[in-house]
Amino acid sequence: MTNQNDVYKLANGVEIPCIGFGMWQTPDDETGVNAVKSAIRAGYTHIDTAQAYGNEDCVRIAIEETGVDRKDLFITTKLWNSNHSYDLTMSSFEESLKKLGTDYVDLFLIHWPNPAAFRDHWQKANAESWKAMEELYEEGRIRAIGISNFRPHHIDALLETAKIKPMVNQIRLCPGETQDEIVDYSRAQGMILEAYSPLGTGKIFDVPQMKELSQKYDRSIAQICIRWSLQRGYLPLPKSVTPSRIEENLKVFDFELEESDVRLIEGLTGCVGLSSNPDSVPF
Ligand SMILES: NC(=O)c1ccc[n+]([C@@H]2O[C@H](COP(=O)([O-])OP(=O)(O)OC[C@H]3O[C@@H](n4cnc5c(N)ncnc54)[C@H](OP(=O)(O)O)[C@@H]3O)[C@@H](O)[C@H]2O)c1
């Protein structure tokens, strides 16, 4: 990747901008709207929200207020855990469209594979949701469909009934957490890996080795993390509500990490904690 307009190509040929603007924990108020407006003005064209984040409408308002052309944005939202069934997938998708102020989304993901509410029949619930998503995809109302937090056994179960393979798996990938087995398995099925929490949800800034790398390259710790993510072939989704950080997080195309430093960062196992087990999360 050489600049912020670079893209990954999904299995169906759809192009996805190589850095996405994360929105988890971004408040659903003026701060949220201003964050998305700052991101659009800084040059982000890819926005990652979710039904569960409660801030899809910030995207709509920011589009209205900046006047950006909808077709120049790549918008992702995600099916929440309470909506795993054919009918609820359909109805919650319509609600998402309304909040986002658009008649299509670029990418729709199943947020978690095994919600507590469906734990005794998650395979069937996912199969039903996926069928609904395939229909919406075939109608042109979603440009690409995918999954999030899926491990190999969840992918296998989905593929038993899927007509269309997922094009993306969005998982936690950050310094010290590379989830190689899931990455390799997802890639073998043709998926792009989106890296959530690329800054360890803000915990990375106290890690001494990252401070040293920041000095070595004369770049911020956030920039080192995002660059690392791109050099690993992931698609990072940094989140911020702070305009200067939002801009900083896109300026990662004028330097390259040495291979030994890429490996050093992967080796910081657990430095910002490890991901939750999707089969036992309490939601
Ligand atoms: N699919 C899933 O289950 C899932 C789970 C988690 C996350 N995600 C996605 O991944 C996105 C990113 O992950 P995340 O929200 O966990 O957090 P993150 O991007 O790893 O870290 C965000 C934190 O870092 C701070 N920050 C951002 N840029 C900075 C900079 N340049 N310098 C210093 N501090 C900086 C932010 O502060 P301020 O905002 O205060 O500036 C915030 O506290 C989410 O927003 C969401 O879109 C998906």
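The values are calculated or read from the model by the stated rules, or taken from the named source; none is laboratory data. This is a predicted model, so every value here is computed, not measured. Ideal geometry is used to build each Cβ from the backbone, glycine not excepted, and the neighbour counts take in all protein chains shown. Ligands, DNA and RNA are excluded from the accessible area calculation, which covers all protein heavy atoms including side chains. Shrake-Rupley method; radii C 1.70, N 1.55, O 1.52, S 1.80 Å.
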Handout entry: Qualifying positions in segment 198-226 - open to solvent by 10 Å² or more (accessible area, probe 1.4 Å), within 12 Å of the ligand (Cβ to nearest atom) and either of a type in the set (A, V, I, L, M) or in contact (Cβ under 8 Å) with a residue 12 or more places away in the chain (or both)
Key = 199, 201, 203, 205, 219, 220, 221, 223
Handout entry: Residues of segment 14-30 that turn out to be open to solvent by 40 Å² or more (accessible area, probe 1.4 Å) and either more than 9 Å from the ligand (Cβ to nearest atom) or without any contact (Cβ under 8 Å) to a residue 40 or more places away in the chain (or both), as a count
Key = 5
Handout entry: Selection from segment 253-267 of residues that are in contact with a Pro (Cβ under 9 Å, 6 or more places away or on another chain) and open to solvent by less than 20 Å² (accessible area, probe 1.4 Å)
Key = 265
Handout entry: residue 172 vs. criteria basic (Lys, Arg) and under 20 Å from residue 76 (Cα atoms)
Key = yes
Exercise for the section: Determine which member of the set 117, 132 is away from the ligand (no atom under 16 Å from the Cβ), under 24 Å from residue 172 (Cβ atoms) and not hydroxyl-bearing (Ser, Thr, Tyr). Expected result: 117
Handout entry: Pick from segment 37-52, criterion without any contact (Cβ under 8 Å) to a residue 40 or more places away in the chain and over 26 Å from residue 83 (Cα atoms), ranking: surrounded by the most Cβ atoms within 10 Å (Cβ to Cβ)
Key = 40
Problem - Subset of segment 178-188 [closer than 21 Å to residue 20 by Cβ and either away from the ligand (no atom under 16 Å from the Cβ) or open to solvent by less than 10 Å² (accessible area, probe 1.4 Å) (or both)] - result: 183, 186, 187
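Does residue 34 satisfy being surrounded by fewer than 21 Cβ atoms within 10 Å (Cβ to Cβ), farther than 17 Å from residue 147 by Cβ, modelled with pLDDT under 95 and not charged (D, E, K, R)? Let's see the steps before the verdict.
Values: surrounded by fewer than 21 Cβ atoms within 10 Å (Cβ to Cβ): yes; farther than 17 Å from residue 147 by Cβ: yes; modelled with pLDDT under 95: no; not charged (D, E, K, R): yes.
So residue 34 fails the test.
Where in segment 53-153 are the strands (runs of 3 or more DSSP E), entirely inside, with at least 1 residues that are in contact (Cβ under 8 Å) with a residue 60 or more places away in the chain, open to solvent by 20 Å² or more (accessible area, probe 1.4 Å) and touching an Asp or Glu at 6+ places or on another chain (Cβ under 9 Å)? Please lay out each step first, then the result.
Values: elements: 74-79, 105-110, 142-148.
In segment 53-153, 142-148 are the strands (runs of 3 or more DSSP E) which contain 1 or more residues that are in contact (Cβ under 8 Å) with a residue 60 or more places away in the chain, open to solvent by 20 Å² or more (accessible area, probe 1.4 Å) and touching an Asp or Glu at 6+ places or on another chain (Cβ under 9 Å).
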Problem - Residue count for segment 227-246, restricted to those that are within 6 Å of the ligand (Cβ to nearest atom) and either touching a residue at least 24 places away in the same chain (Cβ under 8 Å) or not in a helix (DSSP H, G or I) (or both) - result: 6
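Conditions (1) under 19 Å from the mean Cα position of the chain (by Cα); (2) under 24 Å from residue 278 (Cα atoms); (3) of a type outside the set (Gly, Ala, Ser); (4) in a helix (DSSP H, G or I), marked per residue:
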{"position": "11", "(1), (2), (3), (4)": "yes, no, no, no"}
{"position": "16", "(1), (2), (3), (4)": "yes, no, yes, no"}
{"position": "19", "(1), (2), (3), (4)": "yes, no, yes, no"}
{"position": "40", "(1), (2), (3), (4)": "yes, no, yes, yes"}
Practice task
Would you tally the residues in segment 173-196 being touching a Pro at 6+ places or on another chain (Cβ under 9 Å) and touching a residue at least 60 places away in the same chain (Cβ under 8 Å)?
Solution key: 7
